[in-house]
Amino acid sequence: MRLVLLGPPGAGKGTQAAALAAELGLAHIASGDLFREAVERGTELGLQAKSHMEQGKLVPNDITIRMILERLQAADARDGFIMDGFPRNLEQAQALDEALSQKGLALDKVVCLQVSTEELVRRLGGRWVCRRCQAPYHMVNNPPRVAGKCDRCGGELYQRPDDTEETIRKRLDVYLAETAPLLNYYRGQGKLVEVNGTPGVEAVSRELLSILKRR
Ligand code: AMP
């Protein structure tokens, strides 16, 4: 299965993509995680991406598309993948379709998680993430058992530098202007499924699995 998970920042793409990847045996490809790893390691890619990320802007398409197409070559992605955070605009979506079609492949489904702006701002403002395994927590809704430590791997929790109020607003604007038009693109291909991302993590997971297993 080849899937894309769409939705605004804070909709739960990362959490749901990780759960689906484990359940369905798919590679989880998260462009934001790949960029953050590169920034952390101080690689050339990280240097190119850092300032765009800090401002809540998209990293330029040539850099992003090259990174994702390279990641798609890895052995674990050959039998299927779930992408989260990519594509984020029309040029990226077309590049992905073209790269797949050159191999005689295509996306099977594109799932969009819908969450109100008010709820997104609340979620992102209280978000803490594990530096090591990327597991997300929320100060109020889903706090870790030990403050500052990941329940899963014991890693250090931190607030993403782009989870400040001003940058959150910018990222939501970028989503509406650049990424939301992809809904029509995939609707036109008959691949789009829209799912309410507001209920709890488990309820959304169950809904996604039942949709994907049905089709
Ligand atoms: P995310 O973790 O998906 O919220 O991504 C964090 C940041 O990484 C974004 O605000 C962008 O600056 C950058 N980024 C992630 N994915 C993409 C993409 N597909 N295209 C351009 N920039 C991206």
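Readers should treat all values here as calculations from the given coordinates under stated rules, not as data from a laboratory. Note that this is a predicted model, so its numbers are computed, not measured. Here the Cβ is made from the backbone with ideal geometry for all residues, glycine too, and neighbour counts use every protein chain on show.
Helix-derived [θ] at 222 nm for the chain: sum -39500 (n - 2.57) over DSSP H runs of at least 4, divide by residue count, nearest 500?
Counting only the DSSP helices, I get -14000 deg cm²/dmol.
Applying 1/(1 + (r/R0)^6) with R0 = 22 Å to the Cβ-Cβ distance of R131 and L176, what FRET efficiency is obtained, to the nearest 0.05?
Computed FRET efficiency for R131 and L176 comes out at 0.15.
To the nearest Å, what is the center-to-center distance of the stretch 119-137 and the stretch 146-215, using C-alpha atoms only?
Here the answer is 11 Å between Cα centres.
In the Gaussian network model of the chain, springs joining C-alpha atoms below 10 Å, which of D79, D108, D33 carries the largest mean-square fluctuation?
Ranking D79, D108, D33 by mean-square fluctuation puts D79 first.
Within the set K57/K149; K13/K170; K50/K191; K170/K191; K50/K149; K103/K213, which residue pairs have Cα atoms separated by over 21 Å?
Values: K57/K149 29 Å; K13/K170 18 Å; K50/K191 33 Å; K170/K191 28 Å; K50/K149 25 Å; K103/K213 25 Å.
Beyond 21 Å: K57/K149; K50/K191; K170/K191; K50/K149; K103/K213.
Under a point spin-label approximation (7 Å from Cα along Cα-to-Cβ), what is the Q102-H138 distance to one decimal in nm?
A separation of 4.1 nm, rounded to one decimal place.
Which net charge results for the neighbourhood of P199, defined as the other residues with beta-carbon distances under 10 angstrom from its beta-carbon, given Lys and Arg at +1 and Asp and Glu at -1?
Net charge around P199: -1.
Amide H to amide H under 5 Å from K109: which residues, 5+ apart in sequence or cross-chain, H placed 1.01 Å off N in plane?
Those qualifying (amide H under 5 Å, at least 5 residues apart or on another chain) are R2, V4.
For the stretch 1-66 and the stretch 83-115, what is the separation of their C-alpha centers, rounded to whole Å?
For the stretch 1-66 versus the stretch 83-115, the Cα centre distance is 13 Å.
Please list, by residue number, everything in the stretch 110-150 whose backbone N is under 17 Å from a paramagnetic label point 7 Å out along Cα→Cβ of T164.
Residues passing the 17 Å test: 124-128.
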